[in-house]
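Q: Okay, handing you the structure first.
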Amino acid sequence: MQKHLVMISPHKAMLDIVDRHNIKCTIIDKINNIRLYKSITNHNLILCDYECIETCYSLLNGLHNVHPISTIVTLTEKAIPIASEISERLHLSYTSLDTVDVIYNKVKMRSILESYKDFSLPYIELMNKNQLRAFIRKFSYPVIVKPKDGVGSVGVQKICNDTDFSEFKFTDGLIAEQFIEGAEYSVECFSFSGDHKVIAITEKTIVGEKNFTELGHIIPANISKKTNQDINNYIVRFLDIIGIKNGASHTEIKIFKNNIHIIETHNRIGGDRISSLVKLSTGIDLVELSILWPLDLCKKIEISNLFYQYSSIRFLNPKKGFVESINGVESLLYSPNIISVECLINKGDNVKPISDSFSRYGFIISVGKSFNEVKLTSIDAINSILINYKN
Ligand SMILES: Nc1ncnc2c1ncn2[C@@H]1O[C@H](COP(=O)(O)OP(=O)(O)OP(=O)(O)O)[C@@H](O)[C@H]1O
Ligand SMILES: [Mg+2]
């Protein structure tokens, strides 16, 4: 029988893949995304608010009775818990709701990791400001406070001293954690029936000071073979602990004094165009794998850490002010080693400093033969965009 794929809120690359592989597909999405499907003629399209679980479930259950669904795939943050719950109710294979719950709740994740010595980190779910005071007394400054279900670095605060503490305003839904120093990486994995393959290790650059928004990523990270192997072993154990068995995952870590610490994880491909970097650097298409693997239309990848070339994404980080003119973007498109450019700054804009992932102004993706080469290419490219501000 022909496989029947359901995709919730797919992006363009996913649509291209199902067409390329001639896969029968039902798309489910919100009505405001209808423009994405203008040229689609050969798939079912259901428009509804998929975040309303009962609506989504009854529609898919009805469909399942007529055209049995083989699997549900989504790479959209908000749709993953929905896909998990509906898969469970329709008895389809998917990352379990228990695991998704742990991934989406930073308190639950810390609590699971508490029983594993090299994975545990002091933390507390904050119920009031006094608890933060007691936590700081016990573990001392600095600490990080962030929403327990946050995304995009929104609301992440580093509390370094008494002044920061007194300025800190308590709100509901926060977790405090001991602050981990050191460099930050993300580990891009794909799990094949419990066999976890590290596809790439990404080195991250953040804006800095107390702003944790990502300013850039480079694949592969500039680390020794031993560190690479240590990260591999650590992440394989971690994915087993939290119960991811199939599909893409993206785990953020920091390394301090040779100790690896988990920051957080997602059971999806990393954002920030990391899948494009993975493809440029390894040839592996994580989006394609995410569709073909659950449909049993591909074999598992045997080798970890394949490597062709270095790749980088660097985000624009303009200073604040009214833009009088902006030049240099066009010519970048024809520069060697520049793969793509997106610039969201226009003449007349009132530019404000980046505060989180959602307030960034575009990026440059580039490739190179070494870590330093690709890093320099991306920094030079960003610097070649000339913005004049009104006085
Ligand atoms: N315990 C910690 N120690 C040190 N840095 C931390 C800690 N927790 C978070 N951070 C920093 O804050 C950033 C954002 O935290 P986290 O990833 O948990 O939040 P998020 O909102 O889910 O972020 P995003 O969606 O951008 O990945 C991390 O990438 C890291 O730089
Ligand atoms: Mg994060």
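The values are calculated or read from the model by the stated rules, or taken from the named source; none is laboratory data. Bear in mind that the values here come from a model prediction, so they are computed numbers and not experimental data. With ideal geometry, Cβ positions are generated from the backbone for all residues, glycine too; neighbour counts draw on all protein chains shown. Surface accessibility is based on the protein's heavy atoms, side chains included, excluding ligands, DNA and RNA. Shrake-Rupley method; radii C 1.70, N 1.55, O 1.52, S 1.80 Å.
Each row is one residue, and each column tells you yes or no for (1) assigned by TED's automatic domain parsing to the domain that holds residue 275; (2) touching a strand residue (DSSP E or B) at 6+ places or on another chain (Cβ under 6 Å); (3) within 26 Å of residue 248 (Cβ to Cβ); (4) not hydrophobic (A, V, I, L, M, F, W, C).
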| site | (1), (2), (3), (4) |
| --- | --- |
| 80 | no, no, yes, no |
| 101 | no, no, yes, yes |
| 108 | no, no, yes, yes |
| 130 | no, no, no, yes |
| 140 | no, no, no, yes |
| 149 | no, no, yes, yes |
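Q: With (1) within 14 Å of ligand 2 (Cβ to nearest atom); (2) in contact with an Asp or Glu (Cβ under 8 Å, 6 or more places away or on another chain) as the list, and residue 223 as the residue in question, which single condition is left unmet?
A: If we test residue 223 against (1) within 14 Å of ligand 2 (Cβ to nearest atom); (2) in contact with an Asp or Glu (Cβ under 8 Å, 6 or more places away or on another chain), just (1) comes out false.
Q: I need the full set of residues from the range 3-59 which are part of a loop (DSSP other than H, G, I, E, B), of a type in the set (A, V, I, L, M, F, W, C) and either open to solvent by 60 Å² or more (accessible area, probe 1.4 Å) or more than 16 Å from residue 78 (Cβ to Cβ) (or both), in order please.
A: Selection gives 23, 40.
Q: Filter the range 76-91 down to residues that are at negative phi and open to solvent by 30 Å² or more (accessible area, probe 1.4 Å), then give me how many there are. Before the answer, list the steps.
A: Step one: of the range 76-91, the residues at negative phi are 76-90.
Checking which are open to solvent by 30 Å² or more (accessible area, probe 1.4 Å) leaves us with 76-78, 81, 85, 88-89.
Residues in the range 76-91 being at negative phi and open to solvent by 30 Å² or more (accessible area, probe 1.4 Å): 7 in total.
Q: Then there's this: Just checking, which of 192, 179 is within 15 Å of ligand 1 (Cβ to nearest atom) and of a type in the set (A, V, I, L, M, F, W, C)?
A: Going through 192, 179 in turn, just one is within 15 Å of ligand 1 (Cβ to nearest atom) and of a type in the set (A, V, I, L, M, F, W, C): 179.
Q: Would you mention how many residues in the range 242-260 are assigned to a strand (DSSP E or B) and within 16 Å of residue 223 (Cα to Cα)?
A: Within the range 242-260, residues that are assigned to a strand (DSSP E or B) and within 16 Å of residue 223 (Cα to Cα) number 7.
Q: Search the range 65-92 for residues being farther than 26 Å from residue 13 by Cβ and in a helix (DSSP H, G or I), and hand back the single one that is nearest to the chain's Cα centre (by Cα).
A: 88
Q: Taking the criterion of being free of Cβ contacts under 8 Å to residues at least 12 places away in the same chain, touching an Asp or Glu at 6+ places or on another chain (Cβ under 7 Å) and crowded, with 16+ Cβ neighbours inside 10 Å, would at least one residue in the range 109-123 satisfy it?
A: no
Q: When the residues of the range 266-277 are filtered to those that are open to solvent by less than 30 Å² (accessible area, probe 1.4 Å) and outside any helix (DSSP H, G or I), which remaining residue is nearest to residue 148 (Cα to Cα)?
A: 266
Q: Residue by residue through the range 365-379, note down the ones that are farther than 14 Å from residue 205 by Cα and surrounded by 12 or more Cβ atoms within 10 Å (Cβ to Cβ).
A: If the condition is that a residue be farther than 14 Å from residue 205 by Cα and surrounded by 12 or more Cβ atoms within 10 Å (Cβ to Cβ), then 365, 366, 367, 368, 373, 377 are the ones that fit.
Q: So which of 263, 284, 244 is open to solvent by less than 10 Å² (accessible area, probe 1.4 Å), of a type outside the set (D, E, K, R) and either more than 16 Å from ligand 2 (Cβ to nearest atom) or in contact (Cβ under 8 Å) with a residue 40 or more places away in the chain (or both)?
A: Selected residue: 244, the only one of 263, 284, 244 that is open to solvent by less than 10 Å² (accessible area, probe 1.4 Å), of a type outside the set (D, E, K, R) and either more than 16 Å from ligand 2 (Cβ to nearest atom) or in contact (Cβ under 8 Å) with a residue 40 or more places away in the chain (or both).
Q: Quick test for you: out of 72, 103, pick the one residue that is modelled with pLDDT of 95 or more and closer than 30 Å to residue 145 by Cα.
A: When all the criteria are applied, what remains is 103.
Q: Taking the residues in the range 145-175 that are more than 9 Å from ligand 1 (Cβ to nearest atom) and among the small types (Gly, Ala, Ser) as candidates, determine which candidate is nearest to the chain's Cα centre (by Cα).
A: Taking the candidates together, the pick is 173.
Q: Filter the range 124-137 for residues that are within 16 Å of ligand 1 (Cβ to nearest atom) and either open to solvent by 50 Å² or more (accessible area, probe 1.4 Å) or at positive phi (or both) and give the result. Before the answer, list the steps.
A: Filtering the range 124-137 for residues within 16 Å of ligand 1 (Cβ to nearest atom) gives 124-126, 132, 135-136.
If the condition is that a residue be within 16 Å of ligand 1 (Cβ to nearest atom) and either open to solvent by 50 Å² or more (accessible area, probe 1.4 Å) or at positive phi (or both), then 125 is the only one that fits.
Q: Right, something else. Sort through 289, 239, 280 and tell me the only one that's outside any loop (DSSP other than H, G, I, E, B), farther than 27 Å from residue 81 by Cβ and out of contact with any helix residue (DSSP H, G or I) (no Cβ under 9 Å at 6 or more places or on another chain).
A: Exactly one residue qualifies, and that residue is 280.
Q: How about the range 25-68: which of its residues are of a type in the set (Phe, Trp, Tyr) and in contact with a Leu (Cβ under 7 Å, 6 or more places away or on another chain)? Full working, then the answer.
A: Within the range 25-68, the subset of a type in the set (Phe, Trp, Tyr) is 37, 50, 57.
Residue satisfying the conditions is 37 alone.
Q: Could you tell me whether residue 333 is open to solvent by 20 Å² or more (accessible area, probe 1.4 Å) and farther than 30 Å from residue 225 by Cβ?
A: Against the criterion (open to solvent by 20 Å² or more (accessible area, probe 1.4 Å) and farther than 30 Å from residue 225 by Cβ), residue 333 qualifies.
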